[in-house]
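Read through the structure below, which is laid out as structure tokens, and then see the notes.
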């Protein structure tokens, strides 16, 4: 697929396995697709907060579906596992949000300050979820940057070839035609 990628991990230069490169490539494709959707939403004047809520709702539905289709879970299993986790952290989350002074979990006002607090909370959980779900997450951005460099170098090389061929073709065409 691509040339070998090497990155520094824990101070050592390591070869990135092809499977990890493919995973990062897929994540970049998804990220690019979401960027396109975000731009469409932006053009349609959908607020960033509503866009984020839509993404989160999609993620919830997608993960619930994946769990149910695994054959290892059902509503009872999911409710039991998620319920135990939520019973443990839910009250702590509510308290953290309420202690911020910006949000009353029972009566949402959606002020600018409240939205910022909710965005910060979402950032914390999404970041932790990414770290939990992504093997060797700490090097994913570096690998993505290397892949982008490769893509740009390949595009520049292709552009140079096209320009060279175009210049060559222009020299062959007799003047006046």
Note the angle between two axes, namely the Cα long axis of helix 112-133 and the longest principal axis of the Cα atoms of the chain, as a number of degrees from 0 to 90, rounded to the nearest 10. 70
Helix 18-43 axis, angle to the chain major axis (alpha carbon atoms, nearest 10°): 80
Take peptides 19-27, 123-131 and line them up by average Cβ neighbours within 10 Å, highest first, as a rough protection proxy. 19-27, 123-131
Cα axis of helix 48-69 to longest principal axis of the chain: angle in degrees, 0 to 90, nearest 10? 80
Based on the mean of other Cβ atoms within 10 Å per residue, sort peptides 142-150, 161-169 so the most packed one is first. 142-150, 161-169
Within the chain, helix-based [θ] at 222 nm, where runs of 4 or more DSSP H residues each add -39,500 (n - 2.57), nearest 500: -25500 deg cm²/dmol
At residue 153 and residue 112, where each label point lies 7 Å from the Cα along Cα→Cβ, what is the point-to-point distance in nanometres? 4.5
The value for segment 47-139 (convex hull of the alpha-carbon atoms, volume per residue, Å³) is 132
If r is the Cβ-Cβ distance from residue 138 to residue 170 and R0 is 45 Å, what FRET efficiency results, to the nearest 0.05? 0.35
Please report, to one decimal in angstroms, the Kirkwood hydrodynamic radius of segment 1-46 built from all distinct Cα-Cα pairs. 12.8
Could you run the Debye sum over the Cα atoms of the chain, one equal point scatterer each and no solvent, and tell me log10 of I(q)/I(0) at q = 0.15, 0.17 Å⁻¹, two decimals? -1.15, -1.28
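Give the relative contact order (percent, whole number) for the chain; include only Cα pairs under 8 Å separated by 6+ residues.
22
No lab work stands behind these numbers, since they all come straight from the coordinates. Please read all numbers here as calculations on a predicted model, not as lab measurements. Reconstructed Cβ throughout: ideal geometry from the backbone, glycine too, with neighbour counts over all protein chains shown.
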